[in-house]
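Asker: Pasting in a structure now, in structure tokens, and then I'll have a few things to ask.
The values are calculated or read from the model by the stated rules, or taken from the named source; none is laboratory data. Keep in mind the model is a prediction, meaning the values are calculated, not measured. Positions of Cβ are generated from backbone atoms using ideal geometry, with glycine treated the same way; all protein chains shown enter the neighbour counts.
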Amino acid sequence: MSNLVRAELVKIRTTSTWWIMTLIYLPLWGITLAFNWLQTDALTRTRLDDVPAEQSEAVGAVAQPDALAANLYTNGQFFGLLMVMLLGIVVVTGEFFHQTVTTTFLTTPRRSAVVLAKLAATACLALIFWLVTTSANLLAGPAVLEVVGVSAQWGSAVWEAVVLNGLAYLLWAFFGVGLGTLIRSQLGATVTGILLYLGGTIGALTVLVMAANRFGDWINNLQLLVPSLASALMTTGVDIPGEPPRWAGAAVLIGYGLLSGLIGILIMRRRDVS
Amino acid sequence: MTDGRSSPNTTGEIVVSRLTKIYGNARAVNDLSFRVEPGRVTGFLGPNGAGKTTTLRMLLNLVTPTAGQATIGGRRYADLTDPVRHVGAVLEASSAHKGRTGINHLRVICTAAGLPRSRADEVLTQVGLAPAAQRKFKGYSLGMKQRLGIAAAMLGDPRVLILDEPANGLDPEGIRWMRGFLKSLAAEGRTVLVSSHLLSEMQLLADDVVIIAAGRLIRQGPVDRVIGSMAQTARVRVRSPQAETLRAALEQQSATVDVDDQGALLVRGVDAPTIGRVALAASVELHELATERPDLEGVFLELTAGKAGIR
């Protein structure tokens with residue numbers, strides 16, 4: 001099995017996908033840092049009296065120093081998760097696109113092992129993404145906090161957010177692999193993934209807000225079922241009033257991650273390669 | 001082969017038994033059975049769409065049979081503990097990542113199969129591709145891609161080689177190289193199964209042939225015997241200035257006589273000595289009397305007539 005994981009890592013390393021993704025990701029990380037800087041700055045200046053009463057609790061929660069720090073130390077998550085999901089997609093669909101899947105299954109007829117190796121290799125890559133991003137955040141984050149006049153926070157709530165952020169990277173990598181096995185076409189899987197991630201988030205938020213206005217606030221809890229919202233919730237650093245608890249977001253994501261891995265294995269085992 | 005890894009009672013024999021694959025309503029492979037012996041090159045022949053590739057892919061566990069099974073050395077491919085060390089397969093020339101170098105393509109396989117990375121360099125040299133080791137796959141010619149495929153198949157020094165149309169895209173020099181290479185592998189006691197539709201090439205290369213059409217076995221056996229089995233229908237070409245007289249005389253001997261576009265008679269059902277005697281008795285002058293021995297191509301076309309093509 002370790003041979004297979006190493007082979008998958010060699011496959012990734014010997015093609016250009018990983019550094020193209022990295023090149024795309026770097027400026028996006030910078031943009032989100034700038035955005036979060038502005039947001040942090042705005043939140044520290046907000047006087048709760050100015051905020052509509054029904055939102056004041058929530059805004060108060062995210063304006064806590066722990067929440068501000070957690071947000072900065074998990075900076076880049078929005079695009080980082082997208083990148084590792086795309087990598088997961090490419091790790092699977094690339095095999096069909098370049099017809100290398102024939103060689104792969106000839107070398108290893110145990111297809112479940114191949115999918116597991118792909119999950120493991122993509123997980124390694126996701127953790128590297130997370131590690132590098134987090135290192136950069138831990139340098140940039142305190143600097144931003146200093147500028148806006150909040151002292152750098154190193155409490156357990158902050159570290160919890162950082163670790164859960166790593167879990168999010170891991171699980172989105174798994175979604176990518178699962179999606180890649182569901183949709184064999186590289187283009188199809190990539191477009192679907194991006195639409196689900198970006199459009200899904202915005203679309204689901206819009207629908208949920210409208211539904212919550214009509215049917216009551218409990219609807220807000222349904223945002224847990226939208227993977228990208230669940231992972232954002234998981235890393236807020238503090239529990240926000242009116243929204244589901246963070247652990248629920250983690251549980252939902254783990255469920256999705258396991259599900260996509262399992263579906264991936266089942267599909268790969270049955271599929272004819274011709 | 002006195003290979004330490006192969007246990008004595010598992011030969012490299014390939015046994016296909018009652019293999020069937022149905023796609024929708026089409027029977028791509030239909031109750032197909034044949035054997036492939038070690039130490040010989042076996043040509044796997046059939047018109048386009050006959051089910052050759054599907055059969056090979058079922059043999060290699062890439063496609064699941066609807067019914068029947070195929071074994072290599074008594075075991076299904078999926079059950080081989082170390083498939084790369086038992087079986088080498090070359091299925092399509094374009095099955096490497098375009099952006100990966102040839103040597104890295106082989107190293108990926110080495111890593112997955114637990115082979116030393118040095119094998120990648122060795123097989124590249126073996127197929128004459130060492131100078132292009134660091135070149136990306138997209139820069140390879142079709143012939144180089146075929147050689148890389150063969151190099152990949154040789155990584156585990158397997159006892160069984162399975163090649164799907166390996167001569168596609170090779171130039172005459174490459175085809176001659178391939179022929180020598182495969183013959184030498186068979187001479188070492190390995191099993192070599194090669195599918196092709198290039199019949200003249202197969203006649204030079206193969207010891208045995210398996211001919212299929214429309215997913216069914218048409219004939220199998222040593223090349224000479226398969227050709228010989230059709231020799232009853234060998235035809236004799238006869239030229240004569242009194243062709244019509246001779247034709248009437250031959251038809252009385254229950255021969256079938258056709259006329260080709262150059263006016264020569266093509267006679268079936270009687271052999272050349274008989275024709276000579278008939279001509280003598282009828283006082284007909286003969287200018288040419290030649291038995292046309294069928295070659296593999298002729299036999300193939302006759303055997304698969306009307307069974308080719310799209311179903």
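Asker: When you scan segment B:183-223, how many residues do you find that are assigned to a helix (DSSP H, G or I) and in contact with a Pro (Cβ under 8 Å, 6 or more places away or on another chain)? Walk me through how you get there before you give the answer.
Answerer: Residues of segment B:183-223 assigned to a helix (DSSP H, G or I): B:183-187, B:199-205, B:223.
Going one step further and asking which of them are in contact with a Pro (Cβ under 8 Å, 6 or more places away or on another chain), we end up with none.
Qualifying residue count, segment B:183-223: 0.
Asker: Across segment B:236-256, which residue is nearest to the chain's Cα centre (by Cα) among those that are in a strand (DSSP E or B) and surrounded by fewer than 20 Cβ atoms within 10 Å (Cβ to Cβ)? It would help to see each step written out before you state the result.
Answerer: Keep residues of segment B:236-256 that are in a strand (DSSP E or B), which gives B:236-239, B:256.
Now drop any that are not surrounded by fewer than 20 Cβ atoms within 10 Å (Cβ to Cβ), which leaves B:237, B:239, B:256.
Numbers: B:Arg237: 30, B:Arg239: 36, B:Thr256: 32 Å.
Here the answer is B:Arg237.
Asker: Could you list, in sequence order, the residues of segment B:71-118 that are surrounded by 21 or more Cβ atoms within 10 Å (Cβ to Cβ), of a type in the set (Lys, Arg) and either part of a helix (DSSP H, G or I) or more than 7 Å from chain A (Cβ to nearest Cβ) (or both)?
Answerer: If the condition is that a residue be surrounded by 21 or more Cβ atoms within 10 Å (Cβ to Cβ), of a type in the set (Lys, Arg) and either part of a helix (DSSP H, G or I) or more than 7 Å from chain A (Cβ to nearest Cβ) (or both), then B:Arg107 is the only one that fits.
Asker: Give the residues of segment B:31-59 that are within 14 Å of chain A (Cβ to nearest Cβ) and farther than 23 Å from B:Glu201 by Cβ, sorted by residue number.
Answerer: Keep residues of segment B:31-59 that are within 14 Å of chain A (Cβ to nearest Cβ), which gives B:49, B:51-59.
Result: B:Met58, single match.
Asker: Would you check which residues across segment A:189-215 are modelled with pLDDT of 80 or more and either in contact with a helix residue (DSSP H, G or I) (Cβ under 8 Å, 6 or more places away or on another chain) or crowded, with 17+ Cβ neighbours inside 10 Å (or both) and list them?
Answerer: Within segment A:189-215, A:Ala189, A:Thr190, A:Thr192, A:Gly193, A:Ile194, A:Leu196, A:Tyr197, A:Leu198, A:Ala211 qualify.
Asker: Filtering segment A:250-270 down to residues that are without any contact (Cβ under 8 Å) to a residue 12 or more places away in the chain and not aliphatic (A, V, I, L, M), which residue is farthest from B:Met58 (Cα to Cα)?
Answerer: By that ranking, first place goes to A:Gly255.
Asker: Moving on to the next point. Can you go through B:Leu115, B:Leu142 and tell me which one is in the same structural domain as B:Met58 (by TED's automatic domain parsing) and at pLDDT 90 or above?
Answerer: Working: B:Leu142 fails: at pLDDT 90 or above.
Testing whether each residue is in the same structural domain as B:Met58 (by TED's automatic domain parsing) and at pLDDT 90 or above leaves just B:Leu115.
Asker: So, one more: Tell me, which helices (runs of 4 or more DSSP H) lie completely within segment A:1-86 with 2 or more residues that are away from every other protein chain (no Cβ under 14 Å)?
Answerer: Values: elements: A:2-13, A:17-45, A:53-62, A:65-73.
Where helices (runs of 4 or more DSSP H) fall fully within segment A:1-86 and carry at least 2 residues being away from every other protein chain (no Cβ under 14 Å), they are A:17-45, A:53-62, A:65-73.
Asker: Counting only residues that are among the aliphatic types (A, V, I, L, M), over 30 Å from A:Gly264 (Cβ atoms) and at pLDDT 80 or above, how many does segment A:45-90 have? Can you show your working first?
Answerer: Taking segment A:45-90 first, the residues among the aliphatic types (A, V, I, L, M) are A:48, A:51, A:53, A:58-59, A:61-63, A:67-70, A:72, A:81-87, A:89-90.
Still in the running and over 30 Å from A:Gly264 (Cβ atoms): A:48, A:51, A:53, A:58-59, A:61-63, A:67-70, A:72.
Keeping just the survivors that are at pLDDT 80 or above gives A:67-70, A:72.
Matching residues across segment A:45-90 total 5.
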